[in-house]
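So the structure is just underneath, and the comments pick up after that.
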């Protein structure tokens, strides 16, 4: 069992959990992910490692409640346990001193970009970070990102905080303003954001690494459900990734594969919410505050 | 029963095992074969001639003392039958269900020369199930040796090796990458052939508990722990990590939605219990027209699971027009699956398209499979495997309307395992090079057996390899020999 030691509500739909998983923490590196199974009837949910503490034997997970499983996970509290946590999975980020680099984090993707930005900074890079979300409410870890970046740009889609822009606008400005200076770019966020980041940087020929979170089961190369189509053939996100050259990814294939189980996901969410409301109704009827 | 003459024994017909009818069983995931009653098992046991020089045992990779346990069943002494069985095989309920007895023990049975062989597998299963229900045997272990052994993988090879070593007094830890022990028995073989809770979990848990075997799930060798770390902590290591990597054909369209490996499809069904979605959270999709590519046991499992999912999703009336095809490039004579599996699949309505090979998968505007372009094949000269190799017939392409394609083309070992294992030699197919007699690899103190050495094979051959390695590891730990690969 893997105990939840800390829980933070970062927004209505974004939760942070510090989980006891010493065997994962001792090996975890920036860029890797884990798989969580909440209970015996649950799904195996891949989540990128947002942080880790080898001494304490803990890992930090940040997730957005989008499907049935993440909504259910959001209801778990300190003291509760996941039945299974396995990892670390995938390759870690290639950290070295590239010179000047940019880290782009979108929404809940800000969490996994953080340890990458931190390690790149520690390796001597000049780090410019661009973080964005739909609204101010969904923005997270601005302070932490600022602490590991030489420069931080914040955007929101609706202008409720920072610049009213998509992350790609300041990204393009930097690439135009500092021609040839940016050596590498990392982008983590919703697939559609990563697609547009890759499209933005392509004309400038700046290597752009994206971290993909596709549908998978085992996370060890067994099922092949996570395969992503690249220019030179398909690869498995779980063992070959999760980081890939964003300019080589077939984004349309990726987006359609991500949508494959959407009807089932929606049905599961509806069922979960109905069930949840019923329980709440019953509790209220029974006079529980 | 009074003692029978050999002639009388030979007149007893081979006892059929009750099964769910095809009409019933395609609507559920419950076990197809229901097992013998005690009367049936005793009657079948009466058929055994108790040969002075029995050949059946030569066909068994783990050398079960077959005539002896059958005699005990005949005598009605089930505790004795269990004891004899477990002296060689600790997982009889599993083996009785999935061993290809028709090419092993039963193939050597003298009765098979003129009629039908003794149904050794069915009696074995009865003995295994009897023990799971009655727990007559207390498994004992020898005094602790103080030696520590790491077993990587909890499939048939690993479990067998672990049990044998634990009985000899060694301290055994099993590392399993998934969340449930059992390996391919749990993620690959469907519930309707091998029940997960009542058989696998029960048989593994009983053995692990009795022998104090520590099973650590969620440990991926190569990621959570590496082989060099295990070497530092354990006196011996056994690799039974199987062949988990799926193969896809190199044809256009394999990444459209609806194209998947049998591994994914079966793992969703079996390990994650997708057929019980939404009670279980992992969904599994089935098409209206499913093509399973390949004709091995895994292909049969995928096809038969598809049939069941089609009936379940369509409700009680069945789905009109739903079809499941096995698409195989060779002919019926070359089918590698067990006869019984093919027979069951046919009974359940699976359609076999022989001498047919996919060349391209076609999609609709939403990136989902809509058809599979195939080409007809004919048999040419025998290839290296001795089977006549299929050759495409020019101009015979045609489109098969399907909305799901499942590749069951075999699997290869997962290279993840070999992270930080310098010196561990592997073949060009990615399998570990190991001595077939004793399982020794090219690295001192590391043994390997099962699919990771042979490539995808049978449960019992993996168990045999686990057993041989266990015996050799024991001799090594007792200092009976100096290591030589």
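The values are calculated or read from the model by the stated rules, or taken from the named source; none is laboratory data. This one's a predicted model, so the numbers in the text were calculated from it and none came from an experiment. Here the Cβ positions follow ideal geometry from the backbone for every residue, glycine too, while neighbour counts run over all protein chains shown.
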Scanning segment B:310-327 residue by residue, the ones that are at pLDDT 95 or above and within 13 Å of chain A (Cβ to nearest Cβ) total 0
For segment B:431-454 the number of residues that are buried (at least 22 other Cβ atoms within 10 Å of the Cβ), in a loop (DSSP other than H, G, I, E, B) and under 23 Å from the mean Cα position of the chain (by Cα) is 4
Condition (residue is more than 14 Å from chain B (Cβ to nearest Cβ), assigned to a helix (DSSP H, G or I) and over 20 Å from residue A:17 (Cα atoms)) applied to segment A:97-117: is it met by at least one residue?
yes
Spot the failing condition for residue B:386; the list is (1) within 28 Å of residue B:357 (Cα to Cα); (2) surrounded by 22 or more Cβ atoms within 10 Å (Cβ to Cβ), and only one is missed.
(2)
When every residue in segment B:280-300 that is facing chain A (nearest Cβ under 7 Å) and farther than 27 Å from residue B:370 by Cβ is compared, the one surrounded by the fewest Cβ atoms within 10 Å (Cβ to Cβ) is B:280
Within segment A:1-15, can you find the residues that are in contact with a strand residue (DSSP E or B) (Cβ under 9 Å, 6 or more places away or on another chain) and either in a loop (DSSP other than H, G, I, E, B) or within 18 Å of residue B:178 (Cβ to Cβ) (or both)?
A:1, A:2, A:10, A:11, A:13
Enumeration of residues in segment B:390-401 that are closer than 14 Å to residue B:357 by Cβ and touching a residue at least 12 places away in the same chain (Cβ under 8 Å):
B:390, B:391, B:392, B:393, B:396, B:397, B:398, B:399, B:400
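Does residue B:399 count as surrounded by fewer than 22 Cβ atoms within 10 Å (Cβ to Cβ) and part of a strand (DSSP E or B)?
Values: surrounded by fewer than 22 Cβ atoms within 10 Å (Cβ to Cβ): yes; part of a strand (DSSP E or B): yes.
Judged against the criteria, residue B:399 is a match.
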Apart from one, (1) within 14 Å of chain A (Cβ to nearest Cβ); (2) within 14 Å of residue B:242 (Cα to Cα) all hold for residue B:157; the odd one out is (1)
Please find, among B:46, B:63, B:58, the residue that is modelled with pLDDT under 95 and over 27 Å from residue B:200 (Cβ atoms).
B:58
Residues located in segment B:110-128, provided they are assigned to a helix (DSSP H, G or I) and within 22 Å of the chain's Cα centre (by Cα)
B:120, B:121, B:122, B:123, B:124, B:125, B:126, B:127, B:128
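Scan segment A:192-213 for residues that are within 30 Å of residue B:412 (Cβ to Cβ) and modelled with pLDDT of 95 or more and report the count. Walk me through how you get there before you give the answer.
To start, the set of residues in segment A:192-213 that are within 30 Å of residue B:412 (Cβ to Cβ) comprises A:209-213.
Subset that is modelled with pLDDT of 95 or more: A:209-212.
Result for segment A:192-213: 4.
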Only residues that are surrounded by 16 or more Cβ atoms within 10 Å (Cβ to Cβ) and within 14 Å of chain A (Cβ to nearest Cβ): list them for segment B:365-383, please.
B:367, B:368, B:369, B:370
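Only one of B:469, B:462, B:457 is over 30 Å from residue A:91 (Cα atoms), at pLDDT 95 or above and within 21 Å of the chain's Cα centre (by Cα). Can you tell me which?
Working: B:462 fails: at pLDDT 95 or above; B:457 fails: at pLDDT 95 or above.
One residue alone meets the criteria, B:469.
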Among the residues of segment B:224-276, which ones are assigned to a loop (DSSP other than H, G, I, E, B), at the interface with chain A (Cβ under 7 Å from one of its Cβ atoms) and buried (at least 24 other Cβ atoms within 10 Å of the Cβ)?
B:244, B:272
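More than 14 Å from every other protein chain (Cβ to nearest Cβ), touching a helix residue (DSSP H, G or I) at 6+ places or on another chain (Cβ under 8 Å) and part of a loop (DSSP other than H, G, I, E, B): is that true of residue A:160 in this structure?
Numbers: more than 14 Å from every other protein chain (Cβ to nearest Cβ): yes; touching a helix residue (DSSP H, G or I) at 6+ places or on another chain (Cβ under 8 Å): yes; part of a loop (DSSP other than H, G, I, E, B): yes.
Yes.
Can you find even one residue in segment B:138-148 that is under 22 Å from residue A:23 (Cα atoms) and surrounded by fewer than 24 Cβ atoms within 10 Å (Cβ to Cβ)?
Narrowing segment B:138-148 to residues under 22 Å from residue A:23 (Cα atoms): B:148.
Checking the rest, the ones that are also surrounded by fewer than 24 Cβ atoms within 10 Å (Cβ to Cβ) come to B:148.
There is at least one residue in segment B:138-148 that is under 22 Å from residue A:23 (Cα atoms) and surrounded by fewer than 24 Cβ atoms within 10 Å (Cβ to Cβ).
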Hits in segment A:228-272 - residues which are in contact with a strand residue (DSSP E or B) (Cβ under 7 Å, 6 or more places away or on another chain), at the interface with chain B (Cβ under 9 Å from one of its Cβ atoms) and in contact (Cβ under 8 Å) with a residue 24 or more places away in the chain
A:228, A:253, A:257, A:260
Quick count over segment B:322-338, residues being surrounded by fewer than 18 Cβ atoms within 10 Å (Cβ to Cβ) and either under 15 Å from the mean Cα position of the chain (by Cα) or in a loop (DSSP other than H, G, I, E, B) (or both), is 2
Against the conditions (1) over 26 Å from residue B:30 (Cα atoms); (2) within 21 Å of the chain's Cα centre (by Cα), where does residue B:97 fall short? Just the number, please.
(1)
